[in-house]
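In what follows, a single structure is set out as structure tokens and then discussed.
The values are calculated or read from the model by the stated rules, or taken from the named source; none is laboratory data. Since this is a predicted model, take the numbers as computed values, not measurements. Neighbour counts run over all protein chains shown; Cβ positions are idealised from the backbone, glycine included.
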């Protein structure tokens, strides 16, 4: 596989039942931790136990869904996985999201992104530049709900190229001239996508590493030329 540009900078974290009475790992002494045994997640957990948390008990499962169900039915005090997965589980699978606490602790680096079959350069380019278009759109203030209004007004030349109003970026990718405009209109810019899936539909003010580069994050789209 060939991996595309990172769409989410993440790390392995912990989701805990609020009844555990802890807000972070420092507040945990003894606890059972649900984990998938067939991923590097369990190796990171065992490293943590060996170095600083000897009283954590590993409860492993052959499949991630099994670990989810065990945690939600309180067979474990905590669940460990990529933090974006834990946040999604809290928001969309838990009967009461407030019954859980997502710890701020991060014990590994987990950059996430799409992957394509190795050797398919044209498809690689399409997927990569589609992702970058959503990042560039946010940087330039282009949203699904203001796109038509922005197009009717004066625009910087780079935005005109992004939207297919000048230049021939689409042709070079084997796509229509308005390819990026269609992406923004249908799914929004990066910030809209982030809020829709990880903010419960509300704008997320502090996205940490997943903020734009100009806001102190790691998201950076090269010039569209």
(message) Checking residue 91 against (1) within 30 Å of residue 128 (Cα to Cα); (2) loosely packed, with under 13 Cβ neighbours inside 10 Å, only one condition comes out false. Which one?
(response) (2)
(message) One residue is enough: does the range 59-79 have a residue meeting the conditions in contact (Cβ under 8 Å) with a residue 40 or more places away in the chain and surrounded by fewer than 17 Cβ atoms within 10 Å (Cβ to Cβ)?
(response) yes
(request) Output yes when any residue across the range 96-115 is surrounded by 13 or more Cβ atoms within 10 Å (Cβ to Cβ) and over 30 Å from residue 78 (Cβ atoms), and no when none is. (result) no
(message) Which of the numbered conditions does residue 58 fail, given that it passes all the others? Conditions: (1) within 22 Å of the chain's Cα centre (by Cα); (2) over 18 Å from residue 94 (Cα atoms).
(response) (1)
(request) Confirm whether residue 106 is in a loop (DSSP other than H, G, I, E, B), assigned by TED's automatic domain parsing to the domain that holds residue 27 and in contact with a strand residue (DSSP E or B) (Cβ under 9 Å, 6 or more places away or on another chain). (result) yes
(message) So, residue 152, is that one surrounded by fewer than 19 Cβ atoms within 10 Å (Cβ to Cβ), farther than 24 Å from residue 168 by Cα and either modelled with pLDDT of 95 or more or out of contact with any helix residue (DSSP H, G or I) (no Cβ under 8 Å at 6 or more places or on another chain) (or both) or not?
(response) no
(request) Specify which of the listed residues (201, 217) is surrounded by 15 or more Cβ atoms within 10 Å (Cβ to Cβ) and assigned to a loop (DSSP other than H, G, I, E, B). (result) 217
(request) Look at residue 224 and say whether it is outside the structural domain of residue 7 (by TED's automatic domain parsing) and modelled with pLDDT under 95. (result) yes
